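*Asks:* Structure below; questions to follow.
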Amino acid sequence: MPACAFCGEPAEPQKPKQQGGIKDAPEDPNIVARIADFVIIKEDLHKRLMNELRPEPYESPMQAEPVNAEIVLKKMIAEKAMIIEGRKSGLLQSNEEIRTSVKQLRERNLANLLLQRYLQSKQADLMVSDAEIDEMLKTDPKLDRTRAQAMLQRTKANRILDDYYGQLYKKLKVQKVGVNFTRAAKIHQRLLYQPKKPRNVGWIGNGQVRDELTPEEKSIVLAAYDKGKVTLEDWLIALCEIVPPGRPQDLNTAQGVERLLDRVLRIPIFVAAAESLGLDKDENIVRQVKQYEDMRLLGAAQMAIYQQAAEPNEQEIVAYFNNNKEMFGTPRRLKIDQIWCQDLKAGQKAKAELDGGKDFESAKKEFSLQKESQPFDTSPDSEGMFFKDLWQADPNTVVGPVKGFYSDAVMWRIVKIFEKKPAELKEYSSDMKSQIKDRVSGEKRNAAFAKYRQELLEKHPHKIFADRIKDIDPLDIP
C-alpha cells in the first residue's frame, strides 16, 4: 500500500525509559546509565563507542587512542542533561525555529497515522481485480503485473483519501477568508523581492517568515474551521517546504494564494480529525515528538556552546601551526593491501600460511571478506589509532593479525605494506590561515564543550552502572 507523501520520521531511534528515582536500580541489565527520566542502554553505548573510535575532526590522528566506555558514557549522560536544561529553560516555546519544526513533525505524523488507519478500514475498496490489471497492461505493455497492481492501488487510495478529505472539509465547516488573500499576495511579493537582509538565493526562506513578518501579519487568518485556523504564517511555512523550482508562480495574485491554500489546508484538516479521534495520544506519536524535541534541544545546546568559543588571534594561529606542522603538510602515507578476516582465528591461520610461503593474493582469495581489493594509499586520517602499528612495519612486509575499520565495525586483518611515504612539511603562509584557524577554533569549541559537560555532570544527579560496562572493550564490539 502506498505510503503518504508527507509522512515524517524522527531523527533518532526509540530510547527506552525507566521511571523512578536515580537511586532505584533498573531491572533491565542492558541499562548502563540513568539521568532523570532518561536511560542509556548498552546498544546505544556500543554504537557511540564505534563512532568515537574514529579520529575527531580537530584531533591529531597520530595521537588517537582507544576510547574508554566510561568516558563516552559520561558524554552521553551530559547530552541528556543538555536536553533537560533546554526543556527547563523553556526553549521549546521561546525558540521559534524549534517550535515550528516540532509542530510540523507532529502534524505530519498525526496526519499520516490517520490516513494509514483510514485506508486499513477500506481494504475492500482497495482490492484490484485481474481484469483491472489486464486492462492497464493493454495501455502500457512495458508494465509487469506487480507494478500495474501497485499503480492501480495507489490510484484507488488517492481517490479514497480525496473523498475522505472532502467529507472532513464539510464536517469541520471550513471557511476561507478571501478578503485577506490580496494582502497575503502583497506580503509574499515583499518577502520575495524586498527582503530586509540580503539573500544568496532567489526565494523566500524560513528565516524570513520568522524574522520579517510582524506578529499581526503572522496571525492574518486565511481559513478557519471548527477549533482551528490557517494563518499567513502557516501558509508561508508550507510554501517554504516546497522545493523552489516547484513553487507556484502566481502567488502575486489572490487566486494563486487561494490555490496554494487549498494544498496547505489538507494537513491541518487531517490533524483536526486525528485529534478528534484521540490519535494525538497514540504512544508512538507521543514518543516520536518527544524524541524529535530532544534532538532539537541537544542541537541548540551544542550550537550555543560552540558559538561561545573565542576567535583565535594571529599569534595563536601561528603558534598552533608551529606546534602541529604535520597536520598542514602532506601526511604520512602507506600503500597497503589487506585481507579482512572473519575472526582472530582466521587471521592467525592466514598469517601462518603467509609465513609458510603462501603468496598474498592466494591468501586473500581464500580468507578475505573482500576478494577483489587492490592496493591503496592510507593515512592517519582514515586509520586513526590503528595507523601507528602499520607505520612501524617496513616496506614489503606483512603485518597481522591487527585490527582496523571495516565498514561500521572493527575487524581483524592481515596487512601487506608496499610503500611508506614520510610526511612532507610546509612553511607557514597566509593562504593556510583559514585552515589553521578552523583547527584552532575547533579545539577551542571542543574544550568549551568538555568543560560544559563536566559542569552538567556535577549539577545533575545521575547513575552509572559500572559493573555493566567494566568488560566493554570498544575494539571487541561485534
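Quick note: the coordinates plus some simple rules give every number you see, no bench work behind them. Just so you know, these numbers come straight off a predicted model, no measurement behind them. When we count neighbours, we look across all protein chains shown, and the Cβ atoms used for this are built from the backbone with ideal geometry, even at glycine.
*Asks:* Each residue of segment 288-297 in order: what ³J(HN,Hα) in whole Hz does its phi give by Karplus 6.51 cos²θ - 1.76 cosθ + 1.60, θ = phi - 60°, with x for Gly and Pro?
*Replies:* Rounded to whole hertz, the list is 4, 5, 4, 4, 5, 4, 4, 4, 5, 5.
*Asks:* Using the structure shown, select from Lys88/Lys229; Lys351/Lys388; Lys170/Lys227; Lys335/Lys364 the pairs with a Cα to Cα distance greater than 22 angstrom. Don't skip to the end; give the middle numbers.
*Replies:* On the way: Lys88/Lys229 30 Å; Lys351/Lys388 20 Å; Lys170/Lys227 14 Å; Lys335/Lys364 17 Å.
Going by Cα-Cα distance, Lys88/Lys229 fall outside the 22 Å limit.
*Asks:* Can you give the extra length, in nm with one decimal, that the chain gains between Gln255 and Leu298 once fully stretched, where that is 0.36 nm per residue apart less the Cα-Cα distance?
*Replies:* Details: separation 43, 0.36 × 43 = 15.48 nm, distance 4.20 nm.
Working it through step by step, the gained length comes to 11.3 nm.
*Asks:* State the Cα centre-to-centre distance between segment 200-266 and segment 385-445 in whole Å.
*Replies:* Distance between centres, Cα-based: 51 Å.
*Asks:* Can you compute the FRET efficiency between Arg247 and Thr182 using 1/(1 + (r/R0)^6), with r the Cβ-Cβ distance and R0 = 22 Å? Round to the nearest 0.05. Display every interim value, and only then the final one.
*Replies:* Working: r = 19 Å, r/R0 = 0.87.
Efficiency at R0 = 22 Å is approximately 0.70.
*Asks:* Additional query: Listed here are the pairs Lys403/Lys451; Lys75/Lys463; Lys42/Lys290; Lys325/Lys433; Lys80/Lys451; which of them are more than 24 Å apart at the Cα?
*Replies:* On the way: Lys403/Lys451 32 Å; Lys75/Lys463 13 Å; Lys42/Lys290 21 Å; Lys325/Lys433 13 Å; Lys80/Lys451 16 Å.
Table pairs above 24 Å Cα-Cα are Lys403/Lys451.
*Asks:* Between segment 129-145 and segment 71-116, what is the C-alpha centre distance in whole Å?
*Replies:* Value for the Cα centre distance between the two parts: 47 Å.
*Asks:* Further question: Run down the lysines and flag those whose C-alpha is under 28 Å from the C-alpha of Lys197, throwing out any fewer than 8 positions away in its chain.
*Replies:* Lys103, Lys186, Lys218, Lys437
*Asks:* Dipole size in debye (nearest 20) for the chain around its Cα centre, Lys and Arg Cβ +1, Asp and Glu Cβ -1? Show your work: numbers first, answer last.
*Replies:* Numbers: 77 positive and 74 negative charges, 244 e Å.
Dipole of the chain, to the nearest 20 debye: 1180 debye.
*Asks:* Toward the positive end of the charge dipole of the chain, about the Cα centre and with charges on Cβ (Lys, Arg +1; Asp, Glu -1), which of Tyr165, Met127, Pro245 goes farthest?
*Replies:* After comparing all options, I get Tyr165.
*Asks:* For Lys459, which aspartates and glutamates qualify as cross-link partners when the Cα separation must be under 15 Å and same-chain residues fewer than eight apart are set aside?
*Replies:* Glu79, Glu85
*Asks:* Right, next: If a paramagnetic tag sat 7 Å from the Cα of Asp389 along the Cα-Cβ line, which residues of segment 446-478 would have the backbone N under 20 Å from that point?
*Replies:* 471-478
*Asks:* Also, quick follow-up: Can you tell me the FRET efficiency between Asp162 and Asp226 if r is taken as the Cβ-Cβ distance and R0 is 22 Å, rounded to the nearest 0.05? Spell out each step's value before the answer.
*Replies:* Working: r = 21 Å, r/R0 = 0.93.
The pair Asp162/Asp226 has a calculated efficiency of 0.60.
*Asks:* Rounded to the nearest 0.05, what FRET efficiency is calculated for Arg87 and Glu424 with R0 set to 60 Å and r the Cβ-Cβ distance?
*Replies:* Details: r = 51 Å, r/R0 = 0.84.
With R0 = 60 Å, the Cβ-Cβ based efficiency is 0.75.
*Asks:* I would also like to ask the following. Going by the alpha-carbon gyration tensor, a ≥ b ≥ c the square roots of its eigenvalues, is segment 274-405 rounded (a/c under 1.5) or, if a/c is not under 1.5, prolate (a/b greater than b/c) versus oblate? Could the numbers behind the result be given before it?
*Replies:* Working: a/c = 4.42, a/b = 1.44, b/c = 3.08.
Oblate, since a/c reaches 1.5 and b/c is not below a/b.
*Asks:* Near Lys142, which aspartates and glutamates are there with a Cα under 19 Å away, not counting those fewer than 8 places off in the same chain?
*Replies:* Asp130, Glu132, Asp134
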